[in-house]
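Here the structure is laid out as structure tokens; the discussion comes afterwards.
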Amino acid sequence: EKQTAELALEASSSGIWFYNHATGESIQNRLHELGHNVSDNMKIADFFSYIHPEDGKELVPLWKSFIAGKLLQWDVLYRIRNSDKEWVWYRDLGKACFTNSHVGNQIFTGTYTNVTATKSNEQQAQLYGHALQKMNEWLLILDKDLAPVASNPAFNKRFLKDGEVLSQQIINNVLSEEKLNGYISSIKALAVNKKLISEEVLAVPAGFDIPVLISISAIGEKSVDNYVIVISDLSKQKEVEEELKYLANYDPLTRLANRTLIRDRIEQSITHANDRAIALLFIDLDRFKQVNDIYGHAVGDQLLKEAAQRMRKVVGDNHSVGRQSGDEFIVILDDVTQPERVSRYADKLIESLAKPYQFDSQTIHISCSIGMAFYPLDSGNCDDLIQNADIAMLHAKQRGRNCYRFFTEEMNVQIRQRVLLENEFVWAIKENALTNYYQPIVDTKLQNIRGVELLLRWFNHGEMVSPAEFIPLAENIGKIVEVTELALEKALEELRGWLIDDRYLSINLSALHISQPGMVDRLLSILDEAKVSPCRLKLEITEGVLIDDTENAKRQLNKLKDAGFRLFLDDFGTGYSSLTYINQFPIDVIKIDQCFIREITTDLKSRAIVQTIANLADNINSYCVVEGVEDLEQVSIVKQLGCRYMQGYYFARPMPVLDLLSDETALEVARKLNSAAKEQV
């Protein structure tokens with residue numbers, strides 16, 4: 001019987017313990033089982049040293065009560081450290097088994113049982129239970145007959161009203177009886193540990209529908225005992241999917257169709273055209289880069305959003321408008337019967353986009369250039385249609401911007417030539433293949449050369465390309481600033497010994513250059529490197545520069561003036577001339593355009609205009625430089641009208657630096673000045 005008892009104890013991971021209160025010793029084999037090399041007999045205090053500190057704090061007072069007879073039954077759960085320093089759970093049972101007249105002579109005995117596995121299962125069960133209580137998914141458990149057994153708090157909060165309890169009717173309300181009936185056959189067909197997953201839309205008591213993912217698992221050993229249903233809210237996931245879908249097809253800034261979607265719409269329009277014409281408008285915002293450079297990208301983004309709204313308003317809901325890239329947009333007009341209708345849309349777009357943009361205290365003016373191509377007249381496919389409209393847009397820019405052009409095949413040839421020229425021009429910049437020419441500006445009173453104007457020349461394959469062609473090209477491809485600064489650096493090197501005795505060099509600054517935030521510092525840096533004073537450099541500004549962005553131009557020109565530069569107003573009297581600019585900007589010198597000089601010998605109006613400008617300059621303590629003087633008679637008239645400073649072919653043509661510095665040129669200019677001094681009208 002003893003052997004049988006020992007086997008039973010061993011099979012149940014149990015053992016027997018004794019405690020002699022008189023000796024304070026405990027007898028048990030437990031520590032050996034845990035891998036400790038200690039005696040079976042040990043002081044109870046030593047045994048307690050192997051118990052987990054947290055458990056020991058609770059056990060010590062209980063043990064004292066037990067051996068004092070105040071606690072009749074010993075039933076405790078605690079942890080003991082094994083030789084691998086792991087904690088093993090034990091449950092001890094015991095009682096006093098021998099008593100005499102002295103309490104101190106009592107013997108206590110009982111059993112211990114290793115309950116680590118059971119405790120682990122309990123902890124795991126508690127963990128699972130806690131997780132189920134806290135999980136956001138909605139959990140529902142059914143029995144094998146599909147009757148509701150339990151649900152978690154998340155399910156109850158979403159689908160149960162206050163005071164309601166889980167019932168079959170609740171489940172019918174969640175899935176709807178019709179949907180539930182559709183699921184029943186599929187659920188009952190599930191084998192043990194198999195799962196059914198599907199997406200549904202559920203109605204919730206709050207009065208709205210939500211998309212969900214339903215996962216139904218069959219649970220059991222050999223046969224199904226329960227069905228566990230986990231319902232996940234897909235609302236946020238669906239929102240993300242919709243947002244990703246939106247971003248794949250729409251521009252996040254302007255909320256217009258993006259390049260991918262607008263191409264798809266063009267192709268769809270072509271597919272369903274049925275011999276009807278389609279018009280494609282390619283729109284580019286003029287000089288938009290300057291807006292970013294001057295006001296920052298945040299303001300630039302606001303302008304793009306406002307421009308998109310204006311285009312959408314003009315085009316309406318019956319046609320498509322999309323953002324091609326950057327500041328480029330595309331409009332599709334379907335079922336076009338008359339080109340005039342397309343022109344009206346283009347006019348409205350130009351008018352709408354040209355209206356001032358107001359952002360806080362900033363007022364920005366911008367225009368657009370539009371190119372138009374037609375299907376099937378100009379192209380039979382999407383790519384060529386976009387390309388041809390783009391080509392027409394580039395021609396609109398070349399015509400002065402703020403206008404539209406229809407595509408022609410001739411444009412295609414011209415644009416190919418332009419692309420070729422552009423590539424060669426970029427190569428010329430890289431290889432420093434552009435040449436500085438200089439044209440003298442003379443003082444007919446003192447009979448000397450006062451300065452020279454820097455005029456850039458480009459010889460391509462042995463032939464000179466007109467500045468009227470490559471200067472706009474440099475502006476359009478964003479190279480004009482680089483070209484100007486390289487030419488200035490070269491000029492300061494070539495004229496190092498010539499810029500003395502109040503002689504000066506004048507250069508033209510483009511609108512793009514004026515818009516650069518760091519322009520003044522950059523020019524000063526170039527002059528400092530060449531050891532040339534700012535007063536030796538005259539900056540020629542056209543009236544168009546002042547009109548493009550009046551406020552920024554005023555700020556930049558004042559900075560230039562404060563830095564010591566002198567400012568020439570070039571081509572005065574042409575284009576958008578206004579006396580306002582003379583008063584509004586810090587202009588030092590007025591250059592009278594050659595268009596007033598060509599007919600000055602015969603046209604009294606031209607003489608009157610030159611006389612008026614000369615008087616104006618004199619009244620504001622300034623002076624004029626007259627451009628385009630080509631013969632002695634013109635010189636005489638201009639002198640009579642009060643202008644002493646002149647520039648033109650009569651005195652000297654633009655020339656390379658070696659010719660400028662030659663004795664022959666000095667003598668020839670002196671001879672011309674002498675003749676001018678003798679000439680009387």
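Among the residues of segment 476-495, which ones are at pLDDT below 90 and not small (G, A, S)? Selection gives N476, I477.
Note on segment 362-399: among residues that are polar (S, T, N, Q) and over 31 Å from the mean Cα position of the chain (by Cα), the one that is modelled with the lowest pLDDT is S379.
Taking the listed residues Y246, Y227, the one that is assigned to a helix (DSSP H, G or I), at pLDDT 80 or above and among the aromatic types (F, W, Y) is Y246, with no other qualifying. Count of segment 379-394 residues, restricted to those that are in a loop (DSSP other than H, G, I, E, B) and polar (S, T, N, Q), is 2.
Here V315 qualifies as modelled with pLDDT of 90 or more and in the same structural domain as D378 (by TED's automatic domain parsing). Close contacts from segment 457-468, counting a first residue that is farther than 16 Å from E422 by Cβ and a second that is of a type in the set (S, T, Y) and modelled with pLDDT of 90 or more, with Cβ to Cβ under 7 Å and a gap of 6+ residues or different chains, come to R457/T435; R457/Y437; F459/T435. Is it true that some residue in segment 264-274 is closer than 30 Å to S320 by Cα, assigned to a loop (DSSP other than H, G, I, E, B) and among the aliphatic types (A, V, I, L, M)? Yes, the conditions are met somewhere in segment 264-274. Within this structure, N558 passes the test of being on the phi < 0 side of the Ramachandran plot and assigned to a helix (DSSP H, G or I). The residue list S215, S232 contains one member that is more than 38 Å from the chain's Cα centre (by Cα), among the polar types (S, T, N, Q), assigned by TED's automatic domain parsing to the domain that holds L142 and not in a helix (DSSP H, G or I), which is S215. Among the criteria (1) closer than 23 Å to L394 by Cβ; (2) in a helix (DSSP H, G or I); (3) touching a Leu at 6+ places or on another chain (Cβ under 7 Å), the one V321 does not fulfil is (2).
Evaluate the following for N121: is it assigned to a loop (DSSP other than H, G, I, E, B), out of contact with any helix residue (DSSP H, G or I) (no Cβ under 7 Å at 6 or more places or on another chain) and modelled with pLDDT under 80? For N121, the condition - assigned to a loop (DSSP other than H, G, I, E, B), out of contact with any helix residue (DSSP H, G or I) (no Cβ under 7 Å at 6 or more places or on another chain) and modelled with pLDDT under 80 - is not met.
For segment 70-90, enumerate the residues that are closer than 25 Å to I107 by Cα and exposed (fewer than 12 other Cβ atoms within 10 Å of the Cβ). The answer is K70, L72, Q73. Using the structure shown, decide if S186 is more than 30 Å from S320 (Cα to Cα) and loosely packed, with under 13 Cβ neighbours inside 10 Å. Judged against the criteria, S186 is a match. Exactly one residue out of A346, A354, A307 is crowded, with 19+ Cβ neighbours inside 10 Å, out of contact with any strand residue (DSSP E or B) (no Cβ under 6 Å at 6 or more places or on another chain) and touching a residue at least 12 places away in the same chain (Cβ under 8 Å): that is A307.
Residues in segment 184-197 that are at pLDDT 80 or above and of a type outside the set (A, V, I, L, M, F, W, C) were compared, and the one that is nearest to the chain's Cα centre (by Cα) is K195. For beta carbons closer than 7 Å, sequence separation of 6+ or different chains, a first residue in segment 314-335 that is among the hydroxyl-bearing types (S, T, Y) and a second that is surrounded by fewer than 21 Cβ atoms within 10 Å (Cβ to Cβ), the qualifying pairs are S320/R265; S325/R259. Counting just the residues of segment 326-378 that are in a strand (DSSP E or B) and of a type in the set (F, W, Y), which one comes out farthest from R405 (Cα to Cα)? Out of the qualifying residues, it is F359.
The values are calculated or read from the model by the stated rules, or taken from the named source; none is laboratory data. Keep in mind that what you see is a predicted model, and the values were worked out from it rather than measured. Note that each Cβ is placed from the backbone with ideal geometry, even for glycine, and that neighbours are counted across all protein chains shown.
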